Amino acid sequence: MPVTGKSVSKKDFAGYMRGLALELRPSEPLAVAVSGGGDSMALAFLLSEWAGEHGHPLTSLIVDHGLRPEAADEARFVASTLKPLGFSHKTLVWEGIKPKTRLQESARAARYALMAEYCSRQKIRHLFVAHHANDQAETILFRLAKGSGFDGLAGMQPTSHYEDGQLLICRPLLSVSHADLLATCRNHKMEWIEDPSNKNERYARVRLRNILDVIEGEGLSPARLSAISARIRRLVSAIDQLSENEYKNILIESNTKRIVISFSGLAHLADEVQIRILRKILNELAASSSQKVRLEEIERLQARIVSKTGFRAATLGGLIFRKTKEGLVVSKESDQPKK
């Protein structure tokens, strides 16, 4: 039996926008990522109503990945459909040789890079995307399968900065279901395009989507997973604040060459706080970006440091961690004298 949804009202969407707590300048231009699918077309409609009342010009961005011959026609469909709603439009093209593996991940990275570059040129600070409650549920399941920690299980944030921090990615629909967005399109006679890749089980996201259909029948719905995600975000925020305060308390020395913290001070903290402090040190000393440090590696390092068998030294992410009379001294391997 097909799932029916409830159209998102103008009042509801205004509430979602307030929840983002954006600091918008008067008449500031905004961009919207639009694929032509039902989710993004619903976002475009809702945002056009809101932006019209608040005086913000809108630009729709669609990326032609060069993977399907119909993509150019879809871009024209988006442009012509949204023009009456007051949108200007830009089609961005992913050029060059496409990878043979991890194509979806590469396409996603290229898509955001192209949109961020365009926004930077046009001095647009906010990019809206149509991630919704079902996407959030898929994200949580995907990260759970990959062994993610609390931060990953918090799911997508309502707002997040893209790489250099100049562009804010805005997700006002994270609590709204896919069915509700399609109902919104139907209610306002907005046409949309069905992407065939959304049903291709070669992709992990599609397989997870099918799993969600099964577990929803057992009560684990996208809405419930989104609620769990929000609770985890609150938990992560509290732990981060505690970790930051404790880091300041045990910090002895910090510069671009090394960081020294109290060994006994670290050892008396809760395990999760210890792990977050070690991760902060790894980030602050800017170890080689080519060395991706996984959470499991930081957890193993933390267990070694506080082990009862005694800790002397270990390396991780291009850094050396040593127990000395000063405390726990962390420095870059590249700064060590050659033997």
| query | Can you give the percent of C-alpha pairs in the chain whose distance is more than 30 Å? | reply | 47
| From the residues Phe87, Tyr118, Ala137, which one has its Cα farthest along the dipole of segment 85-141 in the positive direction, the dipole being from +1 and -1 charges on Cβ of Lys/Arg and Asp/Glu about the Cα centre? | Tyr118
| query | For helix 10-20, what angle does its Cα long axis make with the longest principal axis of the chain, in degrees from 0 to 90 and rounded to 10? | reply | 20
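Restricting to bridges with both residues inside the chain, how much of the DSSP beta-bridge set is antiparallel, in percent to the nearest 5? Please list the in-between numbers first.
Working: 20 of 36 bridges.
Percent antiparallel among DSSP bridges in the chain is about 55.
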| task | Once you have the Kirkwood Rh of segment 78-195 from its Cα pairs, apply Stokes-Einstein at 37 °C and 0.692 mPa s and quote D in µm²/s. | result | 198
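What per residue convex hull volume, in Å³, do the alpha-carbon atoms of segment 216-276 yield?
Convex hull of Cα atoms, per residue: 108 Å³.
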| query | Using θ = phi - 60° and the Karplus form 6.51 cos²θ - 1.76 cosθ + 1.60, what ³J(HN,Hα) does each residue of segment 307-322 get, whole Hz, x for Gly and Pro? | reply | 5, 6, 6, x, 10, 10, 7, 7, 10, 6, x, x, 10, 10, 10, 10
| request: Would you mind checking which residues have amide H under 5 Å from Asp64's amide H? H placed 1.01 Å from N; only 5 or more apart, or other chain. | output: Leu92, Val93, Trp94
| message | I need the P(r) histogram for segment 153-302: all alpha carbon pairs, bin width 10 Å from 0 out to the longest distance, whole percents. | response | 8, 23, 30, 21, 13, 5, 0
| If you plug each phi of segment 127-134 into the Karplus form 6.51 cos²θ - 1.76 cosθ + 1.60 with θ = phi - 60°, what whole-Hz ³J(HN,Hα) values come out, in order, with x for Gly and Pro? | 10, 9, 10, 9, 4, 10, 4, 5
| request: Mind pulling the per residue volume of the convex hull built on the Cα atoms of segment 73-125? Å³ is fine. | output: 101
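Tell me the mean residue ellipticity at 222 nm calculated for the chain from its helices only (DSSP H runs of n ≥ 4, each -39500 (n - 2.57), averaged over every residue, nearest 500).
On the way: 12 runs with 158 residues, N = 339.
After summing the helix terms and dividing by the residues of the chain, the value is -15000 deg cm²/dmol.
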| query | Could you give P(r) for segment 293-339, binned at 5 Å from zero, as whole percent values over all Cα-Cα pairs? | reply | 5, 20, 27, 27, 14, 7, 1
| At what distance in angstrom do the alpha carbon centres of segment 135-186 and segment 14-88 lie from each other? | 18
| For Leu235, what is the net charge nearby, where nearby means another residue's Cβ is under 13 Å from its Cβ and Lys, Arg count +1, Asp, Glu -1? | +1
| remark: SASA check, Lys83, accessible area w/ 1.4 Å probe, all protein chains in place, rounded to nearest 10 Å², comes out at 150
| query | Angle between the Cα long axis of helix 71-82 and the longest principal axis of the chain, 0 to 90 degrees, nearest 10? | reply | 70
| note | Amide H contacts under 5 Å for Ile252, restricted to residues at least 5 apart in sequence or on another chain and with H modeled in the peptide plane, are Val260, Ile261, Ser262
| Of Lys257/Lys308; Lys11/Lys90; Lys90/Lys292; Lys11/Lys98; Lys98/Lys280; Lys257/Lys292, which pairs sit farther than 31 Å apart, going by alpha carbon to alpha carbon? | Lys90/Lys292; Lys11/Lys98; Lys98/Lys280
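Treating the beta-carbon of each Lys and Arg as +1 and of each Asp and Glu as -1, no other charges, what is the dipole magnitude of the chain about its Cα centre, to the nearest 20 debye?
Values: 49 positive and 39 negative charges, 220 e Å.
Dipole of the chain, to the nearest 20 debye: 1060 debye.
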| query | Using the Cα atoms as the points, what is the convex hull volume per residue of segment 1-158 in Å³? | reply | 160
| query | So for Arg102, Arg125, what's the accessible-area order with a 1.4 Å probe, most first? | reply | Arg102, Arg125
| query | Sequence-distant or interchain residues sharing an amide H contact under 5 Å with Leu167, placed H: which? | reply | Tyr162
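The values are calculated or read from the model by the stated rules, or taken from the named source; none is laboratory data. Remember, it's a predicted structure, so these values are computed and weren't measured experimentally. Quick reminder, even Gly has a Cβ in these numbers, built from the backbone with ideal geometry, and neighbours come from all protein chains shown. Ligands, DNA and RNA are excluded from the accessible area calculation, which covers all protein heavy atoms including side chains. Shrake-Rupley method; radii C 1.70, N 1.55, O 1.52, S 1.80 Å.
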